[in-house]
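One structure below.
The values are calculated or read from the model by the stated rules, or taken from the named source; none is laboratory data. This structure is a prediction, so every number in the text was calculated from the model and none was measured. Please note: Cβ atoms are built from the backbone with ideal geometry, for glycine as well, and neighbour counts cover all protein chains shown. To get the accessible areas, we keep the full protein, side chains included, count just its heavy atoms, and leave off ligands, DNA and RNA. Shrake-Rupley method; radii C 1.70, N 1.55, O 1.52, S 1.80 Å.
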Amino acid sequence: MKEISYKRIQLSGILLLSVGLSIRNVYNQYEQFLTEHYFTVPSLLIIVGITVLTVSFFGCCGTLKENNCMMITFGFLLASCFIMEIVGGLAGFILLEKTHSVVTSKLHETMMFYNKTTHITHIWDGLQTSLHCCGAEKLDDWYPILEDKLPMSCCGSYDGAIDHQNCTASEPNVYQQPCYVSLSKIVKENASTLSGVTIGIAFLQLVGIMLSCSLSKSIQKSYKQV
């Protein structure tokens, strides 16, 4: 039973690490439209995952060697991970609530540089083409920026702002959905996954903390009897 519990802790560390890396990779694709806080939480998850894997080593060794010091270290480190996971999970829920305003603000902010910097132009074209969206909150958002015209990426083309054939609101293939809707959905889904997994694993690890306390007391009793 003890071995199974430590294996579960190791698996929880691997899961935290995997989820953190996966969500961090998704957010990296849209880093121009997010604040640094959205990268802090998955980064924390990665650190906690690595820490949990390391902590499980102390638990295994402490149990096999019946070393009270290692069991106390295991319990303390696991409790620290538990606190960080709760903080990370709650931070994820807070970011979830702010997603709409953050994404919308960043979309408006960056689209002002469309056709002024190659990097932003490429990012916006990629965003609109991949998510089938146009503009921040409505396709009309482009009109004051591109002189009453739309980027070709609003019509599914990836050819920069204006091609030999213009993209207009009357085109049958123009994307009508605002980009904040598509992007917010992606960010919220990942933030929800991050928060749910983190808090869920945190409470499962309470078993490990209680186990380490129980074993530590058992080891102390055995020492006294000797």
Exercise. For the pair residue 35 and residue 206, how long in nm is the line joining their label points, each one 7 Å along Cα→Cβ?
Worked result: 3.1
Exercise. Stretch residue 147-residue 28 to full length: gain in nm at 0.36 nm per residue minus the Cα-Cα span?
Worked result: 39.7 nm
Problem set entry | Extension gain from residue 169 to residue 138, taking 0.36 nm per residue of separation minus the Cα-Cα distance | 10.1 nm
Seminar exercise, completed: By accessible area (1.4 Å), largest first, 98, 106, 116 order as 116, 98, 106
